[in-house]
1. At 1.4 Å probe radius, can you tell me the per residue accessible area of region 1-81 in Å²?
2. Probe radius 1.4 Å, ligands and nucleic acids ignored: give me the carbon and sulfur share of the accessible area of region 1-61 as a rounded percent.
3. I'd like the orientation of helix 2-22 relative to the chain: the angle between its Cα long axis and the longest Cα principal axis, in ° from 0 to 90, rounded to 10.
4. Rounded to the nearest 10 degrees, what's the angle between the helix 54-81 long axis and the longest principal axis of the chain, both from Cα atoms, 0 to 90?
5. For region 40-81, what is the Kirkwood estimate of the hydrodynamic radius, computed as the reciprocal of the mean inverse distance between distinct Cα atoms, to one decimal in Å?
6. Scan [x] 81, 34, 19; [y] 68, 29, 19; [z] 46, 22, 16 for the value of Cα extents along the principal axes in Å calculated from this model and give just the label.
7. Could you tell me how many degrees, from 0 to 90 and to the nearest 10, lie between the Cα long axis of helix 27-49 and the main elongation axis, the longest principal axis, of the Cα atoms of the chain?
8. In nm, to one decimal, how far is the modelled label at LEU31 from the one at TYR48, with both set 7 Å along Cα→Cβ?
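The values are calculated or read from the model by the stated rules, or taken from the named source; none is laboratory data. None of these values were measured; they are calculated from a predicted model. With ideal geometry, Cβ positions are generated from the backbone for all residues, glycine too; neighbour counts draw on all protein chains shown. Just the protein is used for accessible areas: all its heavy atoms, side chains included, with ligands, DNA and RNA removed. Shrake-Rupley method; radii C 1.70, N 1.55, O 1.52, S 1.80 Å.
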Amino acid sequence: RGHLNDLENIVPFVGIGLLYALSGPELSTALLHFRIFVGARIFHTFAYLIPLPQPGRGLSWAVGYSVTFSMAYRVLKTAWLL
């Protein structure tokens, strides 16, 4: 179940992350997005394996998806301005 959950979250991130990287973001902003997502997924994996109480796992999922949505917003914003 943990592996399937990772696939459901990492595949969209990789696709949007590629488009985000190709849109020419500032390096510091891109690194911040990528590091927060990786940290959230690592925490989510540990929360799944140990298992930690539910709010921790749900919050780490929400942080990861928020990063993905933030990158998608910036890609759409950049494409709209071109």
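1. Numbers: 5600 Å² over 81 residues.
Per residue, region 1-81 has an accessible area of 69 Å².
2. On the way: 3120 of 4160 Å².
Percent of accessible area from carbon and sulfur atoms in region 1-61: 75.
3. 10 degrees
4. Tilt of helix 54-81: around 10 degrees.
5. Working: mean 1/r = 0.0888 Å⁻¹.
About 11.3 Å for region 40-81.
6. [z]
7. 20 degrees
8. Going from the LEU31 label point to the TYR48 one covers 2.9 nm.
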